1. Looking at (1) over 18 Å from Tyr105 (Cα atoms); (2) crowded, with 17+ Cβ neighbours inside 10 Å, find the lone condition where Ala63 falls short.
2. Take Phe27 and decide whether it is part of a strand (DSSP E or B), out of contact with any Phe, Trp or Tyr (no Cβ under 7 Å at 6 or more places or on another chain) and touching a residue at least 12 places away in the same chain (Cβ under 8 Å).
3. Does Asp26 qualify as being of a type in the set (Asp, Glu) and either modelled with pLDDT of 80 or more or under 20 Å from Val90 (Cβ atoms) (or both)?
4. Could you please let me know if Pro16 is closer than 28 Å to Lys4 by Cα, at pLDDT below 90 and in contact with a Cys (Cβ under 9 Å, 6 or more places away or on another chain)?
5. Select, from Gly106, Gly69, the only residue that is crowded, with 19+ Cβ neighbours inside 10 Å, under 13 Å from the mean Cα position of the chain (by Cα) and not hydrophobic (A, V, I, L, M, F, W, C).
6. If a residue must be among the small types (Gly, Ala, Ser), outside any strand (DSSP E or B) and either surrounded by 14 or more Cβ atoms within 10 Å (Cβ to Cβ) or touching a Pro at 6+ places or on another chain (Cβ under 6 Å) (or both), how many such residues does the range 79-97 contain?
7. Can you report the number of residues in the range 68-99 which are aliphatic (A, V, I, L, M) and touching a Leu at 6+ places or on another chain (Cβ under 6 Å)?
8. Could you identify the single residue in Ile32, Ile42 that is part of a loop (DSSP other than H, G, I, E, B) and either closer than 15 Å to Ile110 by Cβ or among the acidic types (Asp, Glu) (or both)?
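The values are calculated or read from the model by the stated rules, or taken from the named source; none is laboratory data. Bear in mind that the values here come from a model prediction, so they are computed numbers and not experimental data. Glycine also receives a Cβ, built like all others from the backbone with ideal geometry; neighbour counts cover every protein chain displayed.
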Amino acid sequence: MEKKGRLVVDLRDQPPKISSNICYYDFINPEITGGRSKDIAISAARLEPGRWTYFHYHDMDEAFYVLKGRVAFEIDGEIYNAEENSTVLVPAKVKHKYRSLGPDYGFILIIGGADDWRYEGPKQNSYKLSD
């Protein structure tokens, strides 16, 4: 029986998923690979400056690599600023959110579990961090 799904995915072939101020590109996840990727997901996100993502958490660790710009991460109540070529680790079940610090957009690579996001509280990502 032939398995369906792709094992090689080109970003240029992936339509973006738009969520408020964030543009996500999925590379690897169970849907794209036809179920052959059960535990890991890899995606990228373009973050417009000024707005946070929603607070959320995952059942597995999640790692970020800042490809472009400067990105703030709020992880379990602490704020961390990451520059281009920095990595950030968010342990499993720890609530977090992130945003570009501007002035331009931020671009991040996201590597984590293939689980769904679990939101905590109301979905409010339209406010700005007071600097």
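1. Every listed condition holds for Ala63 apart from (2).
2. Answer is yes for this residue.
3. yes
4. Yes, satisfied.
5. The unique qualifying residue is Gly106.
6. Of the residues in that region, 1 qualify.
7. Residues that pass the stated criteria total 1.
8. After applying the criteria, what remains is Ile32.
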